[in-house]
Every structure is written in C-alpha cells, then in structure tokens.
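The values are calculated or read from the model by the stated rules, or taken from the named source; none is laboratory data. As the structure is a prediction and not an experimental result, all values here were calculated from the model. Cβ placement follows ideal geometry from the backbone for every residue including glycine, while neighbour counts extend to all protein chains displayed. Accessible surface areas use protein heavy atoms only, side chains included; no ligands, DNA or RNA. Shrake-Rupley method; radii C 1.70, N 1.55, O 1.52, S 1.80 Å.
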Amino acid sequence: MASEEIGYRGPTACAAAGITYRQLDYWARTGLVEPSVRPAHGSGTQRLYSFRDVVVLKIVKRFLDTGVSLQNIRTAVQHLRACEFRDLERMTLMSDGATVYECTSPDEVHALLQGGQGIFGIAVGVVWRDVESALSQLHGERVDTGETLVGHNPTDELARRRNRAV
C-alpha cells in the first residue's frame, strides 16, 4: 500500500515526532504544519497526517529546540513541502540560527562550515528513518476505508518501488 494512502491521527503523529498534542494542535491552527491527508472540520473530526507531515513535524521540533526563529522554520517547511518526496531522504538542512540552508552534497556542507560560524545540521534521511521506525510500532489508518493498520511501515511500498527501479 502506498504511503499516500495512509494517514496518522494526532496522537500517533505526536508520538512519532516527539511533540505534545498541544504543539500539534497549535501548529495546525496557525498553519505551520497542517495535516495534508485530512484537516479538522469542526469539533469532533480527526485530523490525519501523512508520513511526510510527520517527518516535517519532527524537523520543526528539532529546529525549535535549537533556537531557529519561527519565520525561518516557516520558510523551511514551505521548502520541504515543495520538494519531491524521494528527494527528502537525501537532504541535509543546515542552520546558523538565523538562516536555514538546504545542502545536497558534502561540498555544500563544507562550504557552510568554512564560514567559521556555529552551524548545526539536520540530516532529513535520519529523521525520515526515525519516523519510519516509530510509525512501524504505531497505528496508521487507510485513507479510503478508515481501516486501522497496526504496526504498518509507511514506506514499504516506496522501498519496493525503489528496489524494482535498481
């Protein structure tokens, strides 16, 4: 089953991203990270987050924990949403606390480090695998039927496609 066909409810997304439900709710209401599978429509409806959404939630948390400004985080989130799904796994996001940079090669990382200022990086592929591992222990939901999937690995189909292409 393709990862786009699976959604994760708020508590599952929180557990996989390492955030509180209050953070999740606030970020959805302010438009920082909105659920791409199904937004909430009034009281009692359940938001559904995609695998990609959960990866973005975890990245936002890491940025906030390191002191990156909300404005720069919003810019990074927009960039992550615009990227091809398969490109995320190979991306490294670097920040000096003021600006967020995308690095796709060791040379780009090295060039940033040559500036002599303090910088930190988030290897999106590592976050991807962390989220993938966490979600494989949690419940997903089929978008079309609402069926609960227990211990589903969200990128199994993606891995199968990748292996076939090689």
- Message: So for segment 87-106 (the condition being of a type in the set (A, V, I, L, M) and closer than 17 Å to Cys14 by Cα), does at least one residue qualify?
- Response: no
- Task: Looking only at segment 115-138, count how many residues are at pLDDT 85 or above and open to solvent by 60 Å² or more (accessible area, probe 1.4 Å).
- Result: 5
- Those residues of segment 46-64 that are touching a Lys or Arg at 6+ places or on another chain (Cβ under 8 Å) and either surrounded by fewer than 15 Cβ atoms within 10 Å (Cβ to Cβ) or among the polar types (S, T, N, Q) (or both) come to a total of 1
- Item | Residue count for segment 70-86, restricted to those that are open to solvent by less than 30 Å² (accessible area, probe 1.4 Å) and either under 13 Å from Gly7 (Cβ atoms) or not in a helix (DSSP H, G or I) (or both) | 1
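Give segment 99-114 a look and list any residue that's surrounded by fewer than 10 Cβ atoms within 10 Å (Cβ to Cβ) and not charged (D, E, K, R), or say none.
Pro106, Gln114
Determine whether Ala28 is open to solvent by 60 Å² or more (accessible area, probe 1.4 Å), within 14 Å of the chain's Cα centre (by Cα) and among the hydrophobic types (A, V, I, L, M, F, W, C).
Details: open to solvent by 60 Å² or more (accessible area, probe 1.4 Å): no; within 14 Å of the chain's Cα centre (by Cα): yes; among the hydrophobic types (A, V, I, L, M, F, W, C): yes.
Answer is no for this residue.
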- Out of (1) in a helix (DSSP H, G or I); (2) under 12 Å from the mean Cα position of the chain (by Cα); (3) of a type outside the set (Gly, Ala, Ser), the one Val33 does not meet is (1)
- Message: Suppose we filter Gly67, Gly42 for residues that are more than 24 Å from Thr148 (Cβ to Cβ), open to solvent by 40 Å² or more (accessible area, probe 1.4 Å), assigned to a loop (DSSP other than H, G, I, E, B) and out of contact with any helix residue (DSSP H, G or I) (no Cβ under 6 Å at 6 or more places or on another chain); which single one remains?
- Response: Gly67
